[in-house]
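Novice: Right, I'll just put the structure down here and ask away after.
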């Protein structure tokens, strides 16, 4: 049975994240043991610990954003845990409004939208994820936005998106994932604010 390029890419993303999360966890456990034993202390241990924590948080985020979605639901506590960890020490403050568990597929779209916002908010700001009925809205607010109009137009008209770099892959993937869920992506822009709806 053949796989579409999109599904194959999701499976690859899941596999990479799955294989990386175990060694990251082992390093975290090792650092905790060193700390308890007093074998290593100081700014070096703190730097390593912060770096490993950041790597683990990013992998958890990427696992949802780029991995296979499946049919499962994700609860608010789990989503907040990922978002809190990934935003720790960063410039972008992430806010998750949905109170009820949400389908992993919709959370995946929201995470891809957050990554789109990140590229347009290089100086940081606030990203708010909300849902009303069946319609999601991910809004970024910042004093300074840097919006690449071609990338943003490609979210609602993917055929116009001719070239993306690895750092921009979320712009190519989001409309494809949305189409699989029979959802249309639209964008809105105002002074100091940009939004993605699906």
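Novice: Of all residues in the range 129-155, count the ones that are buried (at least 17 other Cβ atoms within 10 Å of the Cβ), under 23 Å from residue 106 (Cα atoms) and in contact with a strand residue (DSSP E or B) (Cβ under 6 Å, 6 or more places away or on another chain).
Specialist: Number satisfying all stated conditions: 8.
Novice: How many residues are in contact with a helix residue (DSSP H, G or I) (Cβ under 7 Å, 6 or more places away or on another chain) and either within 17 Å of residue 90 (Cβ to Cβ) or surrounded by fewer than 12 Cβ atoms within 10 Å (Cβ to Cβ) (or both) if we restrict to the range 42-52? Steps first, please.
Specialist: Going residue by residue through the range 42-52, those that are in contact with a helix residue (DSSP H, G or I) (Cβ under 7 Å, 6 or more places away or on another chain) are 45, 48-49, 52.
Filter once more, keeping what is either within 17 Å of residue 90 (Cβ to Cβ) or surrounded by fewer than 12 Cβ atoms within 10 Å (Cβ to Cβ) (or both): 49, 52.
Residues in the range 42-52 being in contact with a helix residue (DSSP H, G or I) (Cβ under 7 Å, 6 or more places away or on another chain) and either within 17 Å of residue 90 (Cβ to Cβ) or surrounded by fewer than 12 Cβ atoms within 10 Å (Cβ to Cβ) (or both): 2 in total.
Rundown of residues vs (1) at pLDDT below 95; (2) assigned by TED's automatic domain parsing to the domain that holds residue 180; (3) surrounded by 13 or more Cβ atoms within 10 Å (Cβ to Cβ), yes/no style:
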site	(1), (2), (3)
80	no, yes, yes
89	yes, yes, no
94	no, yes, yes
97	no, yes, no
101	no, yes, yes
106	no, yes, yes
110	no, yes, yes
113	no, yes, yes
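Novice: It is to be established whether one or more residues within the range 54-71 are surrounded by fewer than 13 Cβ atoms within 10 Å (Cβ to Cβ) and either closer than 30 Å to residue 195 by Cβ or at pLDDT 75 or above (or both). Give the derivation first.
Specialist: Let us first name the residues in the range 54-71 that are surrounded by fewer than 13 Cβ atoms within 10 Å (Cβ to Cβ), namely 70-71.
After this cut, where a residue has to be either closer than 30 Å to residue 195 by Cβ or at pLDDT 75 or above (or both) as well, the list is 70-71.
Checked the range 54-71: at least one residue is surrounded by fewer than 13 Cβ atoms within 10 Å (Cβ to Cβ) and either closer than 30 Å to residue 195 by Cβ or at pLDDT 75 or above (or both).
Novice: For the range 100-194, list the helices (runs of 4 or more DSSP H) that sit wholly inside it and hold at least 3 residues that are free of Cβ contacts under 8 Å to residues at least 60 places away in the same chain and farther than 21 Å from residue 87 by Cα; which are they?
Specialist: Working: elements: 104-120, 149-156, 169-180.
Result: 149-156, 169-180.
The values are calculated or read from the model by the stated rules, or taken from the named source; none is laboratory data. Not measured: the values here are computed from a predicted model. Cβ sites come from the backbone with ideal geometry, for glycine too, and all protein chains shown count toward neighbours.
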